[in-house]
Each structure stands twice: as structure tokens, then as C-alpha cells.
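Encoded as C-alpha cells, the structure appears first; notes follow it.
Read the figures in this text as sums done on the coordinates, not as results from a lab. None of the values given here were measured: they were computed from a predicted structure. Because the Cβ atoms are built from the backbone with ideal geometry, glycine has one as well, and the counts that use them run over all protein chains shown.
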Amino acid sequence: MRKPFPFDEFESKWQTYWDKNQTYRTANPGDEGFDATKPKYYVLDMFPYPSGAGLHVGHPEGYTATDIIARYKRMKGFNVLHPMGWDAFGLPAEQYAIKTGQHPRITTEANTENFKKQLQAIGFSYDWEREVNTTDPDYVKWTQWIFLKLYNSYYCEEAQQARPVSELEEKGMTSKEIDKLRLAFTHEAPVNWSPDLGTVLANEEVDEWKAKGHTVERRPLRQWMLRITKYAQRLIDDLDDLDWPESIKLLQKNWIGKSEGATVKFEVQGSVGASPASDAEGSVGEIEVFTTRPDTLFGATYMVIAPEHPLVNEITTPDNKDAVEAYKEGCVLKSDLERGEMNKDKTGEPTGAFAINPANGERIPIWISDYVMMGYGTGAIMAVPAHDVRDFEFAKKFNIPIQCVVGAPALPYTEQGVVVNSGFLNGLSTAEAKAKMIDWLEESEKGSRQINFKLRDWLFSRQRYWGEPFPLLWDKETGEHTCVPESDLPVLQPEMEDFKPTGDPRGPLVKAENWINYSDQYTRETNTMPQWAGSCWYYLRYCDPRNTERFISEQAEDYWSGDDSAMVDLYVGGTEHAVLHLLYARFWHKVLFDLGLLSTKEPFKKLVNQGLILGEDGNKMSKSIGNVVNPDDIIKEYGADSLRLYEMFMGPLEQVKPWQTNGVDGVSRFLAKVWRLASEQNQEGEWEVKTNFQNEATSDKDLLKALHQTIKKVGEDIENLAFNTAISQMMVCLKTFQDYEKENGLPLQEFTIFLQLLNPFAPHLTEELNKLIGNDTLLSSQDWPAFDESKMVESEKTIIVQVNGKLRARLQVPAGMSKEDLEEMALATNEVKSFTDDKTIRKVIVIPNKLVNIVAN
RNA sequence: GCCGACGUGGUGGAAUUGGUAGACACAGUUGAUUCAAAAUCAACCGCCUUCGGGUGUAUGGGUUCGAGUCCCAUCGUCGGUACCA
């Protein structure tokens with residue numbers, strides 16, 4: 001098939017040229033060619049996991065956007081950091097290894113190479129010298145080094161920041177005490193264990209793997225955790241300064257889930273152990289609950305504790321014991337998902353024990369039910385059925401009294417209101433009553449103000465082969481853990497041939513006996529880190545990727561941080577990372593900031609989420625539906641520039657939109673027209689440079705107006721990431737060039753400017769044309785053109801004439817005509833006369849240079 | 001359920017602070033060129049119409065000289081979340 005323009009000849013040529021000449025090399029402070037007077041700009045893509053499937057057309061969407069920004073910012077005089085790398089640890093390579101025996105490193109290398117080749121074929125201006133790969137030993141070394149920073153730090157409550165645990169040693173704390181405070185700590189708790197994956201999963205990952213058909217069950221295991229909860233408040237507060245979509249900020253806030261309220265202590269009445277509750281007198285202990293509605297305490301008519309609550313056995317009376325035990329067992333079998341689905345029908349059992357409502361002294365029953373979770377708050381609640389939907393359902397089902405304490409039209413009523421039936425709170429508003437009740441609780445030592453977060457500590461260990469091993473050791477004698485010396489880093493996985501899960505919750509590394517046995521005294525930790533570890537700090541490594549002494553040099557850190565409170569100026573990627581990756585990376589960044597290793601408190605200043613690209617059928621692209629579009633095919637047929645242009649022309653970057661391959665025809669035609677302005681085919685079908693060039697600057701007002709409007713619009717649109725409208729403006733401008741060229745030949749100076757504007761979008765074609773028309777400097781090394789407002793001034797304006805808001809006529813008038821003249825002219829038109837002659841003119845609104853609206857009736 | 005985003009031609013989408021709705025494209029129709037086709041070029045292209053105009057941005061109200069844009073209600077689509085007390 002004949003190409004509309006010979007992209008197949010020049011695209012790979014330019015890619016080779018850029019590569020050989022390191023055209024897009026970014027200089028660090030101290031490097032040759034570093035210019036300290038240039039401001040820095042750091043524009044980052046979310047690096048991909050190099051899967052075996054290769055790229056689909058969704059990948060280049062964000063990448064093209066950032067590439068345009070990077071190229072534009074270079075032209076605007078910035079020293080631009082625009083890197084790419086590979087998030088290459090991950091389960092698919094390991095599972096492939098289990099199936100085929102091929103080492104994950106081999107699979108990963110092949111996939112990475114393929115991804116890189118595909119990306120390079122699109123002509124992105126990455127500085128490939130800065131490429132990082134999370135599986136490289138040099139990279140693993142620093143991931144582990146940062147982990148050790150977490151391990152060797154604790155959260156100082158007074159300073160509200162991380163500090164080295166050495167401070168605690170100096171204070172004389174024992175190692176056991178210190179271990180309880182470390183930011184990386186072990187914890188034995190029910191976790192999500194997947195027998196067929198042979199690993200533990202984070203809560204957030206469970207659904208994803210279940211959807212892929214794997215089983216996940218609850219099982220108590222000792223795991224490594226990271227103390228992200230200490231940062232909950234800062235992770236919320238520091239969102240304020242970030243230039244992120246409000247919806248993403250909200251997503252993170254909801255995930256962290258801050259609730260303000262109070263804890264309340266309820267005295268438990270009855271017996272501990274054997275004797276029935278009715279026999280006992282007085283208090284036998286207390287149960288603490290968390291509530292966001294202390295104002296409704298007078299309405300608490302029963303209590304519920306989670307089935308896993310440690311006090312369940314103690315307080316249950318003999319009469320109820322069998323039923324409670326049976327209920328508890330049922331809960332263990334139910335997965336979280338099933339528990340969630342049951343929420344239409346509440347279940348539970350009375351324990352037979354009673355508690356005393358501290359507000360009114362009433363004796364209320366204590367129930368167990370799985371609608372109360374052990375993992376949140378205290379694992380126990382005061383139930384106020386009148387003002388909580390769940391408590392209401394439960395009380396209805398089990399015929400528990402419902403006491404209304406907020407003036408309400410109907411129950412359950414969960415809104416704010418005026419307090420009733422509540423003793424000293426009566427007549428107060430909800431907010432006032434909350435405050436007064438908390439004061440009362442604190443004075444009478446029956447509770448206190450309390451803030452709770454939904455966020456849990458981060459389950460950080462995995463039982464996998466293909467991940468960073470923890471650089472930790474266990475003392476065979478004492479059973480205590482310690483870290484390997486820094487000189488041991490990186491701690492790499494042992495070479496293994498059998499990757500199958502063993503069923504041993506310590507993971508596949510237990511099979512490498514020599515490796516585990518570190519010394520006579522120590523044995524190695526066999527857990528590995530989750531895939532998030534590498535992606536938590538890769539943006540830091542790009543700043544100084546080959547440093548063997550430090551994870552990032554102070555000088556590079558200082559330079560690429562700039563003067564801002566966040567390091568990366570623009571971060572573009574998919575919404576699927578709105579919560580996890582972005583929260584984890586922020587957490588690590590803050591720890592490193594606290595320890596004085598970074599000068600910014602946040603990693604990503606501006607965040608943009610590109611919208612998903614759907615298949616042509618409007619469904620999400622997937623192999624099973626068979627609607628995946630491969631960019632290689634598009635490049636082959638239309639060229640890389642057309643692919644880039646179409647990716648951006650489809651619509652707003654942040655919007656979800658379907659791919660339409662024949663839409664590529666439109667942008668391809670546009671590029672072909674640009675090409676044919678300077679080039680034509682001879683009899684043999686070969687392309688030849690035209691000869692009708694106009695060397696001197698043109699004075700054609702229409703052409704100059706179109707050009708300068710385009711300079712302005714394209715620049716503004718790139719700044720706003722509105723690439724689709726920038727392209728349409730260039731399409732409009734091209735038409736002016738075409739008309740002018742027919743009459744006068746191609747105006748080289750103005751055409752060069754046009755190529756300059758198009759260059760960030762279509763770098764191959766524009767560089768080739770620039771060379772063809774005789775320019776010998778690269779467009780990519782030129783300054784972004786400036787526009788001249790005076791060239792854009794319109795001498796004539798089209799004035800809209802409306803009668804009662806409806807368009808009736810247009811007037812061509814000189815710009816700047818006075819209101820009075822416009823009104824007079826408008827009233828004089830035949831159209832206005834015919835629509836007003838049977839009416840009275842009430843009012844005339846005149847907006848100079850725009851419109852006249854005549855109000856008549 | 002709750003939270004959030006969004007509803008504009010056959011399709012993707014344009015439309016500064018409220019001021020010509022449908023830019024720019026795709027698809028379609030007609031014509032030119034061609035032996036023919038592709039490619040290219042030109043014209044048309046929301047709906048209705050008695051060709052004056054009427055109507056139209058999910059639906060129904062409202063504010064305004066004027067609403068796709070602002071306000072209220074309803075419906076729908078998508079995303080997040082799921083007993084978080």
C-alpha cells in the first residue's frame with residue numbers, strides 16, 4: 001500500500017539519530033553541559049509493569065501527553081527530567097516460572113526489551129540513560145536500604161515525625177520495647193492467605209485476585225507491617241497543597257477515613273467465667289466502645305461486640321455459651337465478602353451479659369454480631385437503634401427497645417437535630433450535645449475524645465520468590481530479629497529452579513537451605529516485599545540512577561526538588577493507582593523527609609489521571625473479548641506521528657473514550673497535507689522537495705493572524721493539557737497555509753514556526769520537513785515561538801443582532817464601534833424591523849464587539 | 001446504600017467571565033479528476049418545515065435581556081466504596 005507520506009522512511013531514521021546523539025539527555029548538576037540558570041521541570045509517567053502481552057494503545061496515551069509537555073518545556077527553556085523505567089517484580093513472571101520452569105528474570109528481561117522497543121518506536125523523548133528497573137540488583141539494594149531506614153525508625157509522637165530508633169536505645173529501652181515501635185514491625189493477626197498463590201495478600205489486593213479465580217482465606221500468621229497509620233493525619237492534611245484532581249483527593253481521604261468522636265466505657269455487669277450473670281452483683285469489668293455520636297448516648301439500648309472480641313468468652317453466661325460458640329464458628333468460615341453480602345439480614349446472639357449505660361445508668365444487653373468488626377475502633381459499639389440504620393435493623397429483628405433521643409419525623413433518623421430524652425443534653429443541637437457529652441465523659445472519667453482512622457497498617461510481606469527479600473535476620477537462640485549489615489546489600493534471592501508454593505507460610509525461599517542459613521547465629525527472613533516497594537521511590541532514583549554511594553545524591557535531590565514542596569512537577573497515570581500506589585509513595589516520601597534525607601514533604605505536585613481507552617466496541621480492552629489494539633499495527637499502517645496525534649486528538653486526556661482506528665485517518669490526512677506543502681510526488685511516485693519557496697517574511701495579514709492565533713492557542717492548550725483543541729487549531733491554521741501556498745508559494749519563515757508548534761506532537765515529520773526546507777538546526781533545540789498580539793488584532797468584528805435573545809442578523813463593523821452606533825445600526829436592519837414592527841422596543845443591550853440584543857413585546 | 005464524576009448530531013468531541021450551539025475530525029451524500037479504482041480536491045451534512053421560519057445541549061421547573069454553561073428537582077451512565085459505629 002502506498003503511504004500518504006513516507007513516514008516509514010524517516011521515522012526510524014530520526015529515532016536512531018536522537019538515540020545516537022543523545023538529543024534528549026538530561027544533565028544533572030556536575031554533568032557536562034549542565035546549565036544552572038535553567039529552571040528544572042520534572043515530568044513523570046507511571047512506569048509500566050512489562051507484561052508478556054506488550055503495549056496496548058492505552059499505554060501511549062499518558063506517555064504521549066507527558067512527551068508533548070516535556071518537549072514543550074524544553075523549548076520554553078527548562079531543564080526537563082523525563083524518564084522511563086520498569087516496575088518489573090510481580091506475580092505473572094513468577095507464575096509463568098511455576099508453569100514453565102523459566103526463571104522470572106529471563107521472562108522479565110524479554111518483556112522489558114519488548115516494551116522498550118515498542119516505546120522507542122513511538123518516538124518518546126525519554127532520557128534512556130536514566131532507565132531504571134526495580135529488579136536490578138543495584139536498584140534492589142536501595143529499596144532494601146530504604147526499608148532498613150523504616151525498620152530503624154520509630155514515630156515520635158511529640159515531634160510528629162519519624163526518628164531513628166537509636167534515640168530510644170540511648171534512652172535505655174530494651175530491644176523488645178523498641179521492636180514494638182519500629183515503623184517496620186512484625187504482627188501476628190488474621191491475614192488474607194491464598195493457598196493456591198501460596199502468599200498473603202493486602203486487604204486491598206484481595207478482590208483483585210479473587211476476581212482472577214484464586215481462593216483467599218483468613219488465617220492468623222506473623223507478618224511484617226509498615227506503620228502507615230502514624231501518618232494518617234499528615235497524609236490527609238498535606239493533600240491540601242497538592243494540585244491533584246479533587247476527586248482523587250477525596251478518594252484518598254475516604255480511604256484514610258478519619259472519624260471524630262469519643263470512646264465510652266461501659267461497665268459490664270454479671271459474672272466472669274462460670275456463674276450466670278443474674279447471680280452476680282456490681283461491676284466485673286468494662287468494655288470500651290468508639291462512637292462518632294456521643295450525643296446519642298442516652299439512646300444506647302444495647303451493646304454489640306465483634307465475635308472475635310477477646311472478652312466474648314469471659315462475659316458469656318453458661319446459658320448462652322453454646323449458641324455464642326456456634327455463632328463464632330460460623331463467622332470464621334464466612335469470608336469477608338460473604339460477611340459483606342449478608343448485610344441485608346442481620347444476625348447475632350445475646351451473650352447473656354449486661355452493661356450499664358453510663359449516661360442514664362440503665363442496664364442494657366450485650367450481643368455479639370458480625371456487623372461489628374474487630375479491626376475498627378475497639379471492636380465494640382454502643383447501639384443506638386433510633387439513630388443508626390444498622391442498629392435499627394438489628395433492634396427490629398431481635399425486638400430490642402428503641403429509644404429516640406433526637407427530635408425526628410421518623411426512625412431511624414441519622415441526621416442532626418435537637419436532642420430530647422437525654423437529661424442534661426435536652427434542647428441542645430447535635431454539635432453542642434457532642435461537645436457537652438465529651439466534656440462530661442472526660443470529667444467523670446467514663447470516656448474521652450477520640451479520633452479514629454479506617455486506614456490500617458500496611459501488610460508488607462509476601463511469600464513469593466520474585467520480589468525483594470527482607471534484609472533481615474533471626475537470631476536462632478533468642479528468636480529476635482535484626483538487620484543485615486549495610487555492606488550485605490543487596491540481598492538477592494538465591495538461584496532456584498522450583499518456584500512452586502510449598503504451602504509453608506514462610507514462602508518458597510524456605511527451600512533454599514544454604515541461603516537461609518546466614519551464620520551459626522542467624523537465619524534469614526524468607527519473606528519478600530510486595531510489588532509496591534519498588535514503585536514507592538522510583539521517581540527519586542531517576543534523579544541519580546547510577547549512584548552507587550547513595551539512593552540519590554544530596555546535590556541531585558536538592559536540584560530536582562527545586563523550591564517547591566513537592567518534587568515531581570507533573571505526574572500522569574491511571575486512576576487505578578489513585579489510592580494505593582499514590583498513598584504508599586507519599587508515606588515513604590514523608591518518612592525519608594522526616595529522616596532528613598529529602599527536602600520535600602510530598603512526592604508529586606500535580607497529578608493528572610488519563611482516562612481509559614476502550615476498545616472499538618466500547619468495552620474495556622481485553623484479550624478475551626479480542627478488542628485489544630496494538631500500537632505496533634497502527635505505527636505500521638499510519639506511522640508513529642499519526643498514532644501520537646490520534647491519541648491526543650480523541651478527546652480530553654482525562655476522559656474515558658473508545659478507540660476508533662478509522663479516526664486515525666483524520667490525523668494522518670492532516671499530517672499528509674502538512675507534508676505536501678513542502679513536498680510533491682514525481683511521475684515515478686518519488687517524493688521531491690518543492691521549489692516554490694518564499695524566503696522573505698510574508699506580510700499577508702490573514703496568514704499572520706492565523707499563525708499568531710495558533711501560537712497562542714497551542715501554547716495555552718499544552719499548558720492546560722488540552723491537546724485535542726491544540727491539534728484542531730493547527731488543522732485550521734494549516735488551511736490558511738494551503739490557500740496561501742497555492743498563490744504565493746510556501747512562506748518558509750512562517751512555515752518553520754508552524755513546524756515548531758507541531759513538533760512536540762509529531763516530532764519525526766516536523767524534524768524531517770524542517771531539514772527538507774533547508775533549516776539545519778533541530779526544532780527540538782529551538783525556543784518556543786512567541787506570539788504577537790498586534791498581528792492578531794481583528795480590524796472587523798461580526799456583531800450578533802438578537803431580538804428577544806434570538807439571532808436575527810449579523811453586522812460586519814469596524815472593531816471598537818461605540819454602543820450608540822451599534823444600537824443604531826442594529827435597529828436599522830431589515831431583520832430587526834420585521835421582527836419588531838408590531839412590538840414596542842423595551843430595552844436594548846449592547847456588548848461592544850460582540851452583540852446587540854433588542855427586547856421587544 | 002453512601003461518596004464522586006458526567007449526560008451536546010449517526011460517532012469522537014468544540015464552545016473564555018452566562019453572549020452566533022455543534023469548531024475540528026470520523027462516518028455518510030453529491031460532484032471534479034481517472035479507462036477504472038485508490039488517493040486527492042470541492043460542496044453538503046442536528047431535527048421539523050408550507051422554505052417565512054420553528055425547534056434543539058438527558059427530563060421538568062427556576063434565575064436572566066440572554067442559559068449547554070448558574071440554581072432546584074427527577075431520570076440515566078460511569079467510577080470509587082461497602083455494615084468503619
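Quick notes on this structure:
- Cβ-defined net charge surrounding A:Asn21, 15 Å radius [Lys, Arg +1; Asp, Glu -1]: -1
- When Rg and the Kirkwood Rh are both derived from Cα coordinates, the Rg/Rh ratio for region A:202-261 amounts to 1.08.
- The equivalent ellipsoid of chain A has semi-axes of 60, 41, 24 Å, largest first, where each one is the square root of 5 times an eigenvalue of the Cα gyration tensor.
- Using just its DSSP H runs of length 4 or more, each adding -39500 (n - 2.57), chain A gives a mean residue ellipticity at 222 nm of -11000 deg cm²/dmol after division by all residues.
- Euclidean distance between Cα centres, region A:216-233 to region A:122-166, Å: 20 Å
- Between region A:37-102 and region A:802-856, the alpha-carbon centres lie 56 Å apart.
- Mean Cα-pair separation over length for region A:44-99, i.e. relative contact order, pairs under 8 Å, 6 or more apart, %: 54 percent
- In this simple spin-label approximation, A:Glu796 and A:Ala828 carry label points 7 Å from Cα along the Cα→Cβ vector, and these lie 1.7 nm apart.
- A:Asn775 sits among other residues whose Cβ lies under 12 Å from its own Cβ, and their net charge, with Lys and Arg +1 and Asp and Glu -1, is -2.
- Kirkwood hydrodynamic radius of region A:389-535, Cα pairs, Å: 21.1 Å
- Rounded to whole Hz, the Karplus (6.51, -1.76, 1.60) HN-Hα couplings of region A:609-621, x for glycine and proline: 9, 6, x, 5, 9, 8, x, 4, 8, x, 9, 4, 5
- Per-pair calculated FRET efficiency, R0 = 25 Å: A:Asp345 and A:Asp319 via Cβ, rounded to 0.05: 0.50
- Mean Cα-pair separation over length for region A:648-751, i.e. relative contact order, pairs under 8 Å, 6 or more apart, %: 37 percent
- Surrounding net charge for A:Val384, when Lys and Arg each add one and Asp and Glu each subtract one, Cβ distance under 9 Å: -1
- Gain in span if fully extended, A:Arg105 to A:Thr414, counting 0.36 nm per residue against the direct Cα distance: 105.7 nm
- Computed label-point distance, nm, for sites A:Val332 and A:Asp520 using a 7 Å Cα→Cβ extension: 4.3 nm
- You can think of it this way: the chain between A:Asp739 and A:Glu432 has 103.2 nm of extra reach, that is 0.36 nm per residue less the Cα-Cα gap.
- When both region A:481-550 and region A:316-330 are represented by their alpha-carbon centers, they are found 45 Å apart.
- Projecting label points 7 angstrom from Cα along Cα→Cβ for A:Ser259 and A:Lys843 puts them 5.3 nm apart.
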